[in-house]
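Worksheet: one structure, shown below.
The values are calculated or read from the model by the stated rules, or taken from the named source; none is laboratory data. Given the structure is predicted, the values throughout are model-derived calculations rather than measurements. Because the Cβ atoms are built from the backbone with ideal geometry, glycine has one as well, and the counts that use them run over all protein chains shown. For the accessible areas, the whole protein counts, side chains as well, though only heavy atoms, and no ligand, DNA or RNA atoms are used. Shrake-Rupley method; radii C 1.70, N 1.55, O 1.52, S 1.80 Å.
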Amino acid sequence: MAELESLETAAEHERILREIESTDTACIGPTLRSVYDGEEHGRFMEKLEARIRNHDREIEKMCNFHYQGFVDSITELLKVRGEAQKLKNQVTDTNRKLQNEGKELIIAMEELKQCRLQQRNISATVDKLTQCLPVLEMYSKLREQMKSKRHYPALKTLEHLEHTYLPQVSHYRFCKIMVDNIPKLREEIKEVSMSDLKDFLESIRKHSDKIGETAMKQAQQQRNLDNIVSQHPRISGGKKSKKEVCASSDLEVKNTSPMSEQDSGILDVEDEDEDEEVPGAQDLVDFSPVYRCLHIYSVLGARETFENYYRKQRRKQARLVLQPPSNMHETLDGYRKYFNQIVGFFVVEDHILHTTQGLVNRAYIDELWEMALSKTIAALRTHSSYCSDPSLVLDLKNLIVLFADTLQGYGFPVNQLFDMLLEIQDQYSETLLKKWSGVFRNILDSDNYSPIPVTNEDVYKKIVGQFPFQDAELEKQPFPKKFPFSEFVPKVYNQIKEFIYACLKFSEDLHLSSTEVDDMIRKSTNLLLTRTLSNCLQNVIKRKNVGLTELVQIIINTTHLEKSCKFLEEFITNITNVLPETVHTTKLYGTTTFKDARHAAEEEIYTNLNQKIDQFLQLADYDWMAMEPSSKASDYLVDLIGFLRSTFAVFTHLPVSHCHQIGKVAQTACMSACKHLSTSLMQLLLEAEVRQLTLGALQQFNLDVEECER
C-alpha cells in the first residue's frame, strides 16, 4: 500500500515538472500552488534540483559543441567592418556629386514655385470674377426688366440680387453702389405698378356694362338650358352649367401667372349670336395688373396700403355705377345699361374675392352689396313709377328677374329685389287697367248693339269658340240665324282672358307659389271687372242719345257676360292649378259687376222714357178757357202714345230666351211710364198758372185721359 502511494506521488511530481518546463512564467502560480498543497514538497524539491542539474549538463555540452562557430563569426565580423568603411567612402563621394548636380534642380524648383504662385493667383481671380459676374448679370437683367416694364419679374430679380448674390461679394465697392440703388428701384417698381393698377381700374369702370352684359347673357343661356332640361329630362349634356363655366374661367385666370406681361383692361370680344356660346364674364377681363400689383406690394411689405387703396377706389366706382341716369325710365335700354354696370362691378369683385387671398373679403363684398341693393331698389321705385306702358313694365320685370338671377348665381342675396317686384306688380296692374280701359271703350264705342247674325256653320262655330254659349233652340234653327248678344260680348270676354294672361306673364319667374299667383290674378281681374269694365259700361249707359234698343241689348249682353263668369273662374283655375275650393282663394266679382250694369241700364230705360214723356208734355197746349172740346184727343198725346207703342214694340221682337227677363223690364217700364204720365197730367191741372177752367177744357182733358186708358 505504501509502495503504491509513492508511485502515485512520483508520477504527480513528474507531471508538475513537465508543466513548469512547458508553461509560461506568468501562469506558473497555480502549478506551484498544487506542489504546496501536497505533503511531499520536500521530495519535490529534490526532484526539481535533480532536474536543474540535468539541464545544466545539457547546456554545457551544447556550448562546448558550438564554440568554434562563435570564433568563426567574430572573424567574419572584422572583415565586414573593413568593407563597411569602403562603402561609407563611396556614399560620401556620391553625396558630394549629388549636391553639385542638385543646384540646377533647385533653381528650376524656384521657378516652378513662382509659376505655381501665379497660377494660384489667377485661379483666385477667376473665382472672384465667377462670384462677381452673376451679380453683374443679375443687375443687367434687372435693368432690362425695368426697361421692358416687367415689374414683377424685376422685383423677383431684385430680391435674388439683394439676398442671394450681393451678400457673397458685399466687400466690393460696386456692390455698395448697387445696395444704395435698391431702395430707389423698389420705389420705382412700386410707383409704376400702381400706375398700371390705376389704368386697370379706369378701364374696368368704362367696361363694366360690357362685363355685366356678358354675365347676364350667360345667365339667360343657363336659364334657357334649365328650361330645356326641365322639359326634356333626358337631355342633360351639351353645355356647361353657369357654375361650371365660372369655375373653368376662374381656373383659366388662376393659371395666368402674375408675371404675365399683357396690358391691363378688357380683351376684345366680338358680339356673339344668340346660338353661340357666350364667353365667361371673367374671360373678358385681364386681371394680371391687379395680381402683379398685389404681389409687388406684398413682397414690399405694403399689402395693407394696397388693399385700402383698392377698396377705397372701388367704393367710389360703386357709387358712380349705382347713380342712375335721369332718363333711365324712358327706354328699356336705359334700365339694361344700369343693370349691366352693376352686374359687371360685382362680377369683378366676386372674381377678385375668389382669386386673391384677402384683397377683398366677404364682409367688404356684403357691405357693398347692401349699399347697392338699397340704392338700386330706391332708383327702381322712383323710375318705374314714371312708366305707363304695361309692356315696358313687363320687360322691366323680366330684366330685374334676370338681373337678380345673375347675381344670385354669384352668391348674392336678392330676396329684396323679388319683394320689390311685388310692389311693381301693383303698378303693372294699374297700367294694365288703364290700357284695358281704352280697349273696352273702343269695343263698346264700335259696337252696333245688334244681335250677331250668322249665315253658316263656320261663323257659328267661330263665335262659340270665342265665347262659352250653348242654346239648344238656337242650334236647331236653320241658317241664317242670330246670336242674342252683340259683338262686344265675345270681344270683352276675350279681352278679360287676355288681361288674365298679361297678369300671369308678370308672375312668371317670381318664385311664387301657385296659390299666390292665383290670388294675384284674381285680385287684378276683380279690379278689372269692378272698376275698369264697370266704369266703361256705366259711361256707355249714361251717355247722351243712348237708344232704347242699345240699352235693351246691353241688358242682354250683361246677362250673358254674367253667366260666363264661372267659365272665367275655370280658366283661372286651369292656368294656375289652384282649385276654387282652396282655402283663402279669392272669388271673382264679375257677377256683381254685370248685375249692377244691367240694373243701371234698366234705370236708364225708365229715366229716358220719362224724359221723352216730359218732352211730349211740353208740347201740350191746353186752352183752359175753351167753351167746347174737340172731337178727338190732343195731338201731343196721340204722338206720345204712338211713341210709347213703337217703343214697347222693341220688347216684342226679342229672342225667346230673353222674353221673360226683358218682359219684366218692359212691364216695369210701362208701369213707370204710366205712373209718370198720370202724375205729370195731374201736375198740368194743379199748376199755379191755371187759375180758372171751363167745362169744355175739362172735357178735352178727360178725352185725353180716356185715350191714355185705351
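What the table below lists for this structure:
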| read-out | value |
| --- | --- |
| Rounded tilt (10° steps) of 590-617 against the dominant C-alpha axis of the chain | 30 |
| Contour minus Cα-Cα distance for L320 and K481 (0.36 nm per residue) | 51.0 nm |
| Degrees, to the nearest 10: 514-527 long Cα axis against longest axis of the chain | 30 |
| Accessible surface, the chain, averaged per residue in Å² (probe 1.4 Å) | 59 |
| Size of electric dipole in the chain: Cβ of Lys, Arg +1 and of Asp, Glu -1, about Cα centre, debye, nearest 20 | 1980 |
| Rounded tilt (10° steps) of 2-22 against the dominant C-alpha axis of the chain | 70 |
| With every protein chain in place, the chain: carbon and sulfur % of accessible area (1.4 Å) | 53 |
| Cleavage-rule hits (GluC sites (Glu not before Pro)) in segment 469-552: DSSP loop, at most 13 neighbouring Cβ within 10 angstrom | E508 |
| Neighbour net charge for G29 - beta-carbon separation under 13 angstrom, K R +1, D E -1 | -2 |
| Cα centroid of segment 1-67 to Cα centroid of segment 407-459, whole Å | 147 |
| Mean-position separation - Cα centroids, segment 514-544 and segment 117-164, in angstrom | 88 |
| Count of lysine pairs in segment 439-548 with Cα separation under 22 Å (8 or more residues apart, or interchain) | 18 |
| Selection from H207, H55, L402 lying farthest towards where the dipole of the chain points positive, charges on Cβ | H207 |
| Links that overshoot a 23 Å alpha carbon limit, given the list K198/K312; K128/K190; K149/K176 | K128/K190; K149/K176 |
| Listed candidates (i) 528; (ii) 180; (iii) 511 - label of the one calculated as volume of the Cα convex hull per residue in Å³ | (iii) |
| Heavy-atom SASA rank of L703, L112, L444 (probe 1.4 Å, accessible area, largest first) | L112, L703, L444 |
| Farthest positive-ward along the chain dipole, Cα basis, beta-carbon charges - from A302, L561, F287 | A302 |
